[in-house]
1. For the structure I just gave you, tell me whether residue 70 is more than 18 Å from the chain's Cα centre (by Cα) and within 30 Å of residue 110 (Cα to Cα).
2. Can you tell me which residue among 83, 66 is acidic (Asp, Glu), assigned to a helix (DSSP H, G or I) and open to solvent by 100 Å² or more (accessible area, probe 1.4 Å)?
3. Residue 112: loosely packed, with under 10 Cβ neighbours inside 10 Å and either in a helix (DSSP H, G or I) or in contact with a helix residue (DSSP H, G or I) (Cβ under 7 Å, 6 or more places away or on another chain) (or both), yes or no?
Amino acid sequence: MVLHFSHSEINMTKELDLQNALAALEQYGYDKKHSTDLEQARNKQQMAKYIDSLDFSLRRLELLQEVVTEAVCNKKRLLAQKENIQTYKTKIINLSREWNMSYQDVIDLMAKVEK
């Protein structure tokens, strides 16, 4: 037995497949956006929902708090360090303009003075 399909029947099938694929992608996006996944949490309410879903004991919550506090302190320290480096670079650039020297010449001069 051989089945014959017209162009319109094939196009309808392709269109239905496309619609089903798009609906699945939309559902996946909705599920991902409304999940309790920490990676998806973008605000306090979503993060609280995730933490509640962990069902941790008080001791584990306190340990989590300690780890998060350390991570925040470390991140702040790294950002401050990055800011200080950028400020230092800006000062060297300004000195190079003021002294009409290249950036590298100012650094070389500072290294000589340091010795």
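The values are calculated or read from the model by the stated rules, or taken from the named source; none is laboratory data. Since the structure is predicted, the reported quantities are computational estimates derived from the model, not experimental observations. Backbone-built Cβ (ideal geometry, glycine too); neighbour counts: all protein chains shown. Protein only, heavy atoms only, side chains kept; ligands, DNA and RNA dropped before computing areas. Shrake-Rupley method; radii C 1.70, N 1.55, O 1.52, S 1.80 Å.
1. No, not satisfied.
2. Residue meeting the stated conditions: 83.
3. yes
For (1) small (Gly, Ala, Ser); (2) on the phi > 0 side of the Ramachandran plot; (3) surrounded by 11 or more Cβ atoms within 10 Å (Cβ to Cβ), each residue gets a yes or a no:
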site: 60; (1), (2), (3): no, no, yes
site: 72; (1), (2), (3): no, no, no
site: 88; (1), (2), (3): no, no, no
site: 92; (1), (2), (3): no, no, yes
site: 102; (1), (2), (3): yes, no, no
site: 107; (1), (2), (3): no, no, yes
